[in-house]
Amino acid sequence: MRRFIIDTDTASDDAVAILMALQWPHVQVEAITVVSGNVPLQQGGINARYTVEVCGKETPVYLGAHRPLVREPIFAHFFHGEDGMGNMHYPPPRRPLAGTQAVQELVRRFGDAPGEIELVTLGPLTNIALALRLEPRLAQWVKHCTIMGGAANTIGNITPAAEYNMWVDPEAAKIVFESGMNITMAGWELCRGEANLSVAEMAMIYGFGTERAKFAMDCNKSAYRASQDWLHDPGLGLCDPTAMAVALDPAVCVRQGRHFVAIATQDDVTRGMTVVDALGVLNQPANATVCFEIDPQRWKEMLYRALR
């Protein structure tokens, strides 16, 4: 049984990624920690707990950082809707929060089982950076960390250079990437093109007739419109679920490499850019495995499996 902790700014695509992990065989999601990002912290906690209930699970949810390390929070309502869930305005979750000290909980859980638990991050890296500040040994205690964030090919989704999670808190991302943690970076671009869900594929998912399938498509209605109108993608791009697919089954990534990744924190034009030194011109030791390409059909079959 693989052991996961998921750190998330729970909006619509995060919810589907969480659902995949909760439904995946031989994976135990031991805790979900929430960070400010797509939505304010409290709303992220509500969305995470509701997702856990849709799956019929009892995974504890903890609230963490309510803002980036040094910057003002900027939410993504324009993409995910005012509630972060496609403006579905689901009923309040029945289960309460497990706590409001997510940073300390991360340190405690990984410290109690060093080298045994995998971390998957779906939002800005504020919680993880704060945990590393509190306990630098966390970097060695995490068995493996899959980060949904960045853009290995430098085409951003919030600026021309940067992906949203990295752009929201680049200072936190810099701390994490420089920590020595065993990282795989799964950038947002992996969900584009053939990895998008087409209209026919979304209709097929609705046809599964399960609560999970309906939930996954309904809560991403705003994201679908944004994918079409803003990003001009052919269908629905689900960044966090594609990264979760890489975490659950590394064979989904069909082209990868170990590289040095620097995080730009200064210039407004490049803020949050993940500078992947693919040719090694900086002569810096590699600090991340970068996934450059996934198998679109394999990731989709994983999604279908979780939603049926």
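The values are calculated or read from the model by the stated rules, or taken from the named source; none is laboratory data. This structure is a prediction, so every number in the text was calculated from the model and none was measured. Cβ: placed from backbone, ideal geometry, glycine included. Neighbour counts: every protein chain shown.
Below is a table of values for the structure above.
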| item | result |
| --- | --- |
| Qualifying position, being assigned to a loop (DSSP other than H, G, I, E, B) and within 15 Å of the chain's Cα centre (by Cα), among Asn157, Asn127, Asn153 | Asn157 |
| Scope the range 34-51; condition within 20 Å of Arg94 (Cβ to Cβ) and either without any contact (Cβ under 8 Å) to a residue 24 or more places away in the chain or not hydrophobic (A, V, I, L, M, F, W, C) (or both); matching residues | Gln42, Gln43, Gly44, Gly45, Asn47, Arg49, Tyr50, Thr51 |
| Verdict on Phe208 being within 22 Å of Pro285 (Cα to Cα) and not acidic (Asp, Glu) | no |
| Candidates Ala162, Ala245 - the one that is in contact with a Gly (Cβ under 7 Å, 6 or more places away or on another chain) and crowded, with 22+ Cβ neighbours inside 10 Å | Ala162 |
| Helices (runs of 4 or more DSSP H) fully within the range 165-249 counting 3 or more residues that are more than 17 Å from Gly123 (Cβ to Cβ) and of a type in the set (D, E, K, R) | 211-218, 221-229 |
| Criterion (on the phi < 0 side of the Ramachandran plot, of a type outside the set (Asp, Glu) and in a strand (DSSP E or B)) met by exactly one of Leu119, Leu97, Leu106 | Leu119 |
| Residue match in the range 75-85 (condition: at pLDDT 95 or above, in contact with a His (Cβ under 6 Å, 6 or more places away or on another chain) and not aliphatic (A, V, I, L, M)) | yes |
| Candidates Asn182, Asn165, filtered to the one that is in contact (Cβ under 8 Å) with a residue 12 or more places away in the chain, closer than 21 Å to Ala21 by Cα, touching a Cys at 6+ places or on another chain (Cβ under 8 Å) and polar (S, T, N, Q) | Asn182 |
| Filter result (free of Cβ contacts under 8 Å to residues at least 60 places away in the same chain, crowded, with 19+ Cβ neighbours inside 10 Å and not aliphatic (A, V, I, L, M)) within the range 248-262 | His259, Phe260 |
| Filtered residues of the range 105-154 (kept if more than 21 Å from Pro73 (Cβ to Cβ), polar (S, T, N, Q) and at pLDDT 95 or above) | Gln140, Thr146 |
